[in-house]
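The values are calculated or read from the model by the stated rules, or taken from the named source; none is laboratory data. These figures come from a predicted structure and were not determined experimentally. Counting neighbours? That spans all protein chains shown, and the Cβs are built from the backbone with ideal geometry, glycine included.
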Amino acid sequence: MEAVNRFEGRTSMWTLTDDQAIALANAVQGKVVWDLGSGDSSLSRIVLHMGAKKVVSVDRNPPVKIKRAAEPWWVHEVRHTTFEDLNQEDEMRDAVALLAWPQNCSTPGLAHLVRWFENSLVYIGSNTNGAVCGMENLWNHLAQRSVVTHIPHEYNVLTHYGSSWGAGRSLLPDERAATSEEVVSYFDAYATGKYID
Ligand SMILES: C[S@@+](CC[C@H](N)C(=O)[O-])C[C@H]1O[C@@H](n2cnc3c(N)ncnc32)[C@H](O)[C@@H]1O
C-alpha cells in the first residue's frame, strides 16, 4: 500500500490504519466515488490516488485549504452545494458514497442522498467514547445495508456497506453506540467479546 503510506498520519478528523486503508482501496478502485461532506477534500485525493476512476467532492463549504495549497487540483469535480440541493444522477447507482466523519447535527439531506448510492457506501467515523458521527435517520438507513467489511479502531471505524439486503442483521457495535442514548466506550463496544472480527 505504497500510495496509502504516502498519506499516512492523522488529520483533525480521521485516521486510517493499514487494514482500513486497504479496505478503502478495495472499495474505491476503479469506481466513481462521491465524497459527501468532503471538508478539505484530503480524503477525496487519497481515494483518487488509491485508484478511484473518478472522484466528486461535495461540500456546502468551499475547500479553503485546497485553494491555498500549492498542489494541483486532482479531484475531478467539486460540487459546492448542500446535500439537500443535489438531485439523483444515474452514475450514483453504481458509485461509492464516501462518508467520513459526517456532521453530528441534523442533515436530513444526507440520509436521503445515500439511498441513491445503492451498491456501495464507505463510512469512516466514531460513535464511541463520546464521539457522534451521523444522525439517527442516517443510522436507520445504514442498519438496512449489508456489511462488506467492518474494521474497528479506537480512532475511528471503517465500515464498507453493500446494498440494502442486510435487513435483519444485528447492529455493529459502533452502530449500537451511535443509536444508544448513553455514551459507550470503545472498550465496552469492542474489547469485551461482544464483537469478534
Ligand atoms: C465533520 S466535517 C468532515 C469532513 C471530511 N469528510 C473529513 O473527514 O475530514 C463534515 C463536513 O460536512 C459538510 N456538511 C455538513 N452538512 C452539509 C450539508 N447539508 N450539505 C453539504 N455539506 C455539508 C460540512 O461543511 C463539513 O465540511
Q: Would you check if Leu110 is free of Cβ contacts under 8 Å to residues at least 60 places away in the same chain, within 16 Å of the ligand (Cβ to nearest atom) and crowded, with 20+ Cβ neighbours inside 10 Å?
A: no
Q. Is it fair to say Ile46 is of a type in the set (A, V, I, L, M, F, W, C), modelled with pLDDT under 80, within 15 Å of the ligand (Cβ to nearest atom) and not in a loop (DSSP other than H, G, I, E, B)?
A. no
(Q) When you scan the stretch 87-95, do you find a residue that is buried (at least 20 other Cβ atoms within 10 Å of the Cβ), farther than 21 Å from Asn61 by Cβ and in contact (Cβ under 8 Å) with a residue 12 or more places away in the chain, even just one? (A) yes
